[in-house]
1. With unit charges on the beta carbon (Lys/Arg positive, Asp/Glu negative), name the residue among Gly234, Ala169, Thr38 whose Cα is farthest towards the positive pole of the charge dipole of the chain.
2. Can you check what the net charge comes to around Gly244, using other residues whose Cβ is under 12 Å from the Cβ of Gly244 (Lys, Arg +1; Asp, Glu -1)?
3. Please give the FRET efficiency for Ala167 paired with Asn223, using the beta carbon to beta carbon distance and R0 = 30 Å, rounded to the nearest 0.05.
4. Can you work out the FRET efficiency for the pair Ala36 and Arg230, with r the C-beta to C-beta distance and R0 = 30 Å, to the nearest 0.05?
5. Between Thr245 and Glu187, how high is the FRET efficiency from 1/(1 + (r/R0)^6) when r is the Cβ-Cβ distance and R₀ = 30 Å? Nearest 0.05.
6. I'd like the antiparallel share, as a percent to the nearest 5, of DSSP beta bridges with both residues in the range 127-200.
7. Quick one: Ser46, Ser178, Ser88, fewest Cβ neighbours within 10 Å first, how do they rank?
8. Please state the relative contact order of the range 94-201 as a whole percent: Cα pairs under 8 Å, 6+ residues apart?
Amino acid sequence: MALAAVVLLASACTTSGRADGPDQPNAATTATPPDATTALRERCRSAIPADAPLEAVDLEGATGGDLEAARIGPATNERVAVLLPQISGMCGWGRWAAAAAADAGLTSLLVNPCGYGESVCTDEEDADPLNEVAAAVAMARDDLGAQRVVLLGTSMGGSLTVMAVAAGADVDAWADVSGPVAWEGTELAPLAASLPADGLVVMAPSDGQAQYDAAEALADAANVRFVPGRNGHGWDLLVDPVDGTVTRIGRLLVDLATER
């Protein structure tokens, strides 16, 4: 009998003392997840300055798909820049967008294309060069009140910018910074005749002579300004990677967006 009592007592203590029993949920499983903006800040880390006026937003692609985007700058603005990134994703635009908001009051919409970050699309949706851009431009004009919308892209985003504006994107100006001469099988050179006149192409010799010459030829064929960079690629040409200051080319893009 004494042995049975000991066993019964031990069983009772084990059952009532479990911290993860059904009447005491594990705090780790019930903690409130961070909101989308906080989660984006945590993921982007120092790429987006801590004091940047940031808000994560969701976009539905014009053709379809769920697109990850973010706004940096005032919630309403007559001047909005839509920013397409290089393959590391939209976080890398954070320093330029934050500086443009602080110095010129510009609002930027950072957009992850299909297949990057949290953006998810079908192959058919991804194939439409206007899918992401048209959705962002519509938000800029309809929700943010923009009168002037510019489309700016770096590296991959530069090539996507050329493809979108050649397809008829509803933007007032555009810039291709370090865009490869071809992206996912689409050559940029044949698109030159369809590019709007209010644009510019940027490339540095450090990307290689062939890429540099092709970018200059694209600008000439489209009759837009060609801006040679000194050294660097993509958004490294816009913001100094060491001290974080906006470069000459970075200021040029701010001026393009704000008509300064």
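1. So the residue we want is Thr38.
2. Computed value for this residue: -2.
3. Values: r = 19 Å, r/R0 = 0.62.
The pair Ala167/Asn223 has a calculated efficiency of 0.95.
4. Values: r = 38 Å, r/R0 = 1.25.
Efficiency, rounded to the nearest 0.05: 0.20.
5. On the way: r = 35 Å, r/R0 = 1.18.
Plugging the Cβ-Cβ distance into 1/(1 + (r/R0)^6) gives 0.25.
6. 20 percent
7. With the sparsest Cβ surroundings first, the list reads Ser46, Ser88, Ser178.
8. Relative contact order of the range 94-201: 19 percent.
Just so you know, all these numbers are worked out from the coordinates, no wet-lab data involved. Being a predicted model, the structure only gives us computed values, none of them experimental. A quick note on method: Cβ atoms are made from the backbone with ideal geometry, for glycine too, and the neighbour counts reach across all protein chains shown.
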